[in-house]
Amino acid sequence: MRRFWYTVGILASGAMLASCSGSGTQPQQGLVPSTRLQSGSAHYDRGGSWILPSAKKSDLLYISDLLAQVVDIYTYGHGYKLVGELTGFFNPEGLCVDKKGNVYVTNDTSLGVYQITEYAHGSTSPTRTLNDPDGRANGCSVDPTTGNLAVADFWGPSEIIGNVAVFPKANGPPTSYSNSNIFYDYYCGYDDNGNLFVDGETEGSVFGLGELAKGGSTLKFVNIDETIYLPGGVQWDGKYLAVGDQVAVKHNFTSTIYQFSINGSVATTVNTMVLTGSSQVAQFWIPRIHNGAKRRYGDRLIGPNQNGKDTMFWDYPSGGNPIVTIPGETDPIGATVSLAKK
């Protein structure tokens, strides 16, 4: 997949620049977090999807593990213990959730069919599976105002320009939207008013951010005042748009989250959150809850740490050293939290 090729290219270029400058600067090494949970291997061989019956009444954290071809399920806020696993995927990547706690998994099959599978909270049997005819499904997001499901398609059919496909009320067929300044679409996220944002890059690896306004028909380009090297997740935090850079070169190749204030077609940086100890956080998740209580703004950020083979938690929006680490993954890439009905 192209995200790996691009990362290798950046790392090689960065090493060459450091060598030529004589600065001797090396990528920052991961720091020991304050809490590292001892769960061992995250994957249990139980012959298919499973979940502990007692866990279904708990808030749940879902982590997609690309190379292991599974989605792991942990309790959220109660020790982060492995309590289940969803199987049957070929490349599970993006995760998102709707207001009812239904979880969506983007996946491509070994036959090159791109799909989005929905699971009710705590369920191991799919509620529905949608085929995505518009391209390679990557990130996803659900509109809190309509229930529409948006999927960022890395590239379109026959590997042409990518798009964002919107499934009305999470049903097909979708309507796709594209922008010539965003050839590869990575991740997407709705704000509280139903405006959709998607990030990606040109064929020349230049970052791009687009917005599909609520009720609009055009994916408009949004100018930003920041340099992003490898597009990461996109999520509305209740006040600002959080956009990730998987390998922020100017922050010593450490994954970084930028908070943007959106005004028309301009995004202005209001905060920079460096995820110390991380190594290629692609999709992150801001739960916007803590200790079971809903909050207007999230105070935690969950980041599947691909190259570190673990999932880390940071204070949001301050960042810094991770406060919790869940070890034992193979190639974690997506994260979301589903709230239990109270």
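A few comments on the model shown:
- Take the Kirkwood radius over Cα pairs of the range 238-342, plug it into Stokes-Einstein at 20 °C and 1.002 mPa s, and you get 151 µm²/s for translational diffusion.
- This model, with +1 at the C-beta of Lys and Arg and -1 at the C-beta of Asp and Glu, gives the range 2-338 a dipole about its Cα centre of some 860 debye.
- Zero-based 5 Å bins, Cα pair distances in the range 260-320, whole percents: 4, 17, 22, 21, 18, 12, 4, 1
- Going from the fewest other Cβ atoms within 10 Å to the most, the residues 73, 160, 286 appear in the order 160, 286, 73.
- Cβ-based charge dipole, the chain, positive-most Cα from 318, 120, 213: 120
- Counted charge near residue 163, where neighbours are those whose Cβ lies closer than 9 Å (Asp, Glu -1; Lys, Arg +1): -3
- The alpha carbon centroids of the range 72-125 and the range 200-230 are separated by 27 Å.
- Here, the chain is characterised by an Rg to Rh ratio of 0.94, where Rg is the alpha-carbon radius of gyration and Rh the Kirkwood radius.
- Karplus (6.51, -1.76, 1.60) ³J(HN,Hα), θ = phi - 60°, over the range 174-190, in Hz, Gly and Pro reported as x: x, 10, 9, 10, 9, 9, 5, 7, 10, 6, 10, 9, 9, 9, 8, x, 8
- Based on C-alpha pairs under 8 angstrom that are at least 6 apart in sequence, the range 190-276 has a relative contact order of 21 percent.
Every number here is computed from the coordinates shown, using simple stated rules; none is lab data. Remember, predicted model here, so these are calculated numbers, not experimental data. Positions of Cβ are generated from backbone atoms using ideal geometry, with glycine treated the same way; all protein chains shown enter the neighbour counts.
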